[in-house]
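Novice: Questions regarding the structure given below will be posed in turn.
Bear in mind these aren't lab numbers, they're just calculated from the coordinates by the rules spelled out. Quick caveat: nothing in here was measured; it's all calculated off a predicted structure. Backbone-built Cβ (ideal geometry, glycine too); neighbour counts: all protein chains shown.
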Amino acid sequence: MNKHLRVSILCIGLVNIPISLVTANSTAIATLKLAQNHIASNRVEEFNVVGNEPFWNINISPKGIVYSWLGDGIKKQTFPYVNPQAADGRPLDVVRVYRLRGRADNLLIIQKTNGFCSDTMSDKKYPYTATLILGKTVRTGCAEKK
């Protein structure tokens, strides 16, 4: 009878080992993903963002974030480069949010599309959509990595 009892305890012990390893492994993977998002956010990825009606564009580079638009001539506003913030639970390449200097509601949001984004003026297809919010001005467009 003791042999069966020992075997049962041994089996329970073996079953618990993989479960705890899976839990530890899942935690390690989640930590690694968070670290990768943080590392990626410290690396400057250059983007070109375009929008129409009215025409506007943004160039993101290590030199800064340059917003240009047509008004009475071409106007330009330059923001210092800031690392993008990833959305909770999403990789940085899926959603990135740039908080632009100035008011708290100055944001540039670049989001990967499930299909493609079109700028309505050309047949060019972009892999990202973009939303620019500067105070009360909200503009939408398309984006691509340079």
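Novice: Can you work out ³J(HN,Hα) from phi for every residue in the range 80-91, in order, using Karplus 6.51 cos²θ - 1.76 cosθ + 1.60 and θ = phi - 60°, giving whole Hz and x for Gly and Pro?
Specialist: Running phi through 6.51 cos²θ - 1.76 cosθ + 1.60 with θ = phi - 60° gives x, 5, 10, 5, x, 9, 7, 6, 4, x, 10, x Hz.
Novice: Sticking with the crude label model, points 7 Å out along Cα→Cβ, report the distance from Arg43 to Asp88 in nm, one decimal please.
Specialist: It works out to 2.7 nm between the two label points.
Novice: Check the straight Cα-Cα distances from Lys63 and name the aspartates and glutamates below 14 Å, setting aside those fewer than 8 residues away within the same chain.
Specialist: Of all the aspartates and glutamates, those that pass the test against Lys63 - Cα under 14 Å, at least 8 places apart if same chain - are Glu45, Glu46.
Novice: I would also like to ask the following. Can you pull the one-decimal nm distance between simple spin-label points at Val138 and Leu70, each 7 Å off the Cα toward Cβ?
Specialist: Once both label points are built, they end up 2.4 nm from each other.
Novice: Something else now. Cut-off is 10 Å between beta-carbons; in what order do Glu53, Glu45 appear when sorted fewest neighbours first?
Specialist: In increasing order of surrounding Cβ atoms, one gets Glu53, Glu45.
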